[in-house]
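The values are calculated or read from the model by the stated rules, or taken from the named source; none is laboratory data. Keep in mind that what you see is a predicted model, and the values were worked out from it rather than measured. Here the Cβ positions follow ideal geometry from the backbone for every residue, glycine too, while neighbour counts run over all protein chains shown. Note: accessible area is taken over every heavy atom of the protein model, side chains too, but ligands, DNA and RNA are not part of it. Shrake-Rupley method; radii C 1.70, N 1.55, O 1.52, S 1.80 Å.
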Amino acid sequence: MKFETEKLEWTRQPESCRIAPDRIEIVTKPHTDLWQRTYYHFRNDNAPVLQMSTREKFFSFSVKTDFSESRHRFDQCGIVLYLDSENWLKGSVEYENESFQHLGSVVTNHGYSDWATTEIPADVKSMWYRLSRREDDFCIECSEDGVLYHQMRVCHLHEAKGEIRFGIYACSPEESSFRAVFTNMELTECKWLAHDGQKPDKEV
């Protein structure tokens, strides 16, 4: 497979964008976000999402993000797999303040989101992500250099059967806007290897 920008389709347009074979820039609109119900009880479903479709059951997608211009609380950009408003996942760095920001991932199944995070220094302004698919299970990883990846999350999407859509997103939940830059986009064989540890329980 090859990640071809001409095959990408928008789910909602950003403020502005530039798309080239090796570089994508997205300028966010204020008050854009992805979140469903949990804890906050609000539902936000208006972030720009740029994706391609595939029926391939085993693959990895990697991308480098540059968010040097993010300066406002909750500004974020990263990797996404968006099926519909109630079924999706994302991985990103979310700006918090001048001291720290949140590196994390959100998985939304049937309209309820969860957020797994860790704090990182606010001066980190680029991050690589890798999304791997094994049928309807997924692994999200991150890297500071594009070589050594660290697992962020293993998860299941109930509705990710057959054809899915995946790609990139950027948004600004509050009164802000910034330019997110995506490069080094690559599709490969699945880097998330089959589990070779404990065998599955036998069905009764």
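A compact table of results
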| item | result |
| --- | --- |
| Three principal axis lengths of the range 67-204 [C-alpha, angstrom, descending] | 54, 33, 25 |
| Point-to-point label distance, Asp114-Glu86, nm (Cα→Cβ direction, 7 Å offset) | 1.9 nm |
| Cα gyration tensor shape for the range 131-204, rounded if a/c is under 1.5, else prolate or oblate | prolate |
| Per-bin percent of Cα-Cα distances, the range 1-47 [10 Å] | 22, 39, 27, 12 |
| Trp192 accessible area, 1.4 Å probe, all protein chains in place, Å² to nearest 10 | 50 Å² |
| Overall form of the range 13-82 per C-alpha gyration tensor (a/c, 1.5; a/b vs b/c) | oblate |
| Ellipsoid semi-axes in whole angstrom, largest first, where each is sqrt(5λ) of the Cα gyration tensor of the range 69-108 | 23, 9, 8 |
| Max mean-square fluctuation residue, GNM over the chain, Cα-Cα springs under 10 Å, options Phe42, Phe138, Phe74 | Phe42 |
| Surface per residue (accessible, 1.4 Å probe) for the range 22-137, Å² | 41 Å² |
| Apportionment of accessible area to carbon and sulfur, the range 13-145, percent (1.4 Å) | 45 percent |
| Pairwise label distance in nanometres, Arg43 with Glu174, each label 7 Å out on the Cα-Cβ vector | 2.6 nm |
| Distance from the range 81-123 to the range 132-152 (C-alpha centre basis), Å | 14 Å |
| 3J(HN,Hα) from dihedral phi, the range 171-184, Karplus parametrisation 6.51/-1.76/1.60, rounded to Hz, x for glycine, proline | 7, 9, x, 10, 7, 7, 7, 8, 9, 9, 10, 10, 9, 6 |
| Simple spin-label estimate for Ala20 and Phe58 in nanometres, 7 Å along Cα-Cβ | 3.6 nm |
| Whether the range 87-137 is rounded, prolate or oblate, judged on the alpha carbon gyration tensor where a/c under 1.5 counts as rounded | oblate |
| Among the listed pairs Lys161/Lys199; Lys90/Lys191; Lys29/Lys90, those beyond 20 Å (Cα-Cα) | Lys161/Lys199 |
| Pairs of alpha carbons in the range 51-133 whose separation is greater than 19 Å (percent) | 42 percent |
| Other-chain or far-sequence residues with amide H under 5 Å of Gly146's (modelled H) | Trp128 |
| Trypsin sites (Lys or Arg not before Pro) restricted to DSSP loop in the range 86-132 with at most 16 other C-beta within 10 Å | Lys125 |
| GluC sites (Glu not before Pro) restricted to the range 129-204 and DSSP loop, no more than 15 other C-beta within 10 Å | Glu135, Glu144, Glu159, Glu163, Glu174, Glu175, Glu189, Glu203 |
